[in-house]
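The values are calculated or read from the model by the stated rules, or taken from the named source; none is laboratory data. Note that the structure is predicted; figures quoted are calculated from it, not measured. Neighbour counts are summed over all protein chains in view; Cβ atoms, including those assigned to glycine, are modelled from backbone coordinates with ideal geometry.
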Amino acid sequence: MRQYDDQQRSQVERIVGRDLDETTGRGKPLSSRAAQTQRSIDAYLKSGVRPRWMERIADVDAGIAGERRRLAVAYRALQGECVGDPELFAARWRERARTWRFDEDLNELIAQHNDWYPVERDLPLNPRTGDYVRVGGRSYRRPVLGPEWVLEQFPPTLRRR
């Protein structure tokens, strides 16, 4: 029964569930020191420890940039192979996008970021939309990498030389 429950729960629920006491369903109590410690970005930075959301977003952005670089190399190589035949290029690039293998850990990290970032940053909700406010004018969410993302970043059109 527990395996079925784990499949029905979200990533966030599974992570939080690991810290709960099995019999009572409650979390472990905070130590008196942890309960009295100020939790702010300034306090984290002064202590020399970066908050988890800072580490995670740096890992996510570096991972996405790495995938983008790998795809750019493949994209340019395929363009070179298909010079003068845009239909062949489009068909082959769509197939390459469909079969491209991304690091599964990176997509899991992106999902964790999208689930946890607004909570960890204590972002306010926009009452009109019911969504969290934008950070620096853009959404905090990062795209999960897949074929749609590949085709958005690298359209299946052959540049004319």
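Taking the residues in region 49-69 that are within 18 Å of the chain's Cα centre (by Cα) and surrounded by fewer than 12 Cβ atoms within 10 Å (Cβ to Cβ) as candidates, determine which candidate is farthest from Arg121 (Cα to Cα). Spell out the reasoning first.
If we filter region 49-69 for residues that are within 18 Å of the chain's Cα centre (by Cα), which is where we start, we get 51-69.
After this cut, where a residue has to be surrounded by fewer than 12 Cβ atoms within 10 Å (Cβ to Cβ) as well, the list is 55, 58, 62, 65, 69.
Working: Glu55: 13, Ala58: 15, Ala62: 20, Ala65: 23, Arg69: 30 Å.
Within region 49-69, the match that is farthest from Arg121 (Cα to Cα) is Arg69.
Given the criteria acidic (Asp, Glu), exposed (fewer than 13 other Cβ atoms within 10 Å of the Cβ) and at pLDDT below 95, does Asp115 qualify?
In short, no.
Just to be sure, is Val135 among the β-branched types (Val, Ile, Thr) and surrounded by 12 or more Cβ atoms within 10 Å (Cβ to Cβ)?
Answer is yes for this residue.
Could you please tell me which pairs satisfy a Cβ distance under 7 Å, a separation of 6+ or placement on different chains, a first residue in region 68-80 that is within 18 Å of Trp149 (Cβ to Cβ) and among the small types (Gly, Ala, Ser), and a second residue that is part of a helix (DSSP H, G or I) and at pLDDT 95 or above?
Ala74/Arg96
Find the helices (runs of 4 or more DSSP H) located wholly in region 62-161 whose residues include 1 or more that are closer than 24 Å to Arg52 by Cα, in contact with a Lys or Arg (Cβ under 9 Å, 6 or more places away or on another chain) and not hydrophobic (A, V, I, L, M, F, W, C), and list them.
Correct list: 104-120.
Quick one: in region 80-112, which of the residues that are of a type in the set (Val, Ile, Thr) and surrounded by 11 or more Cβ atoms within 10 Å (Cβ to Cβ) is modelled with the highest pLDDT?
Only one residue fits best here, namely Ile110.
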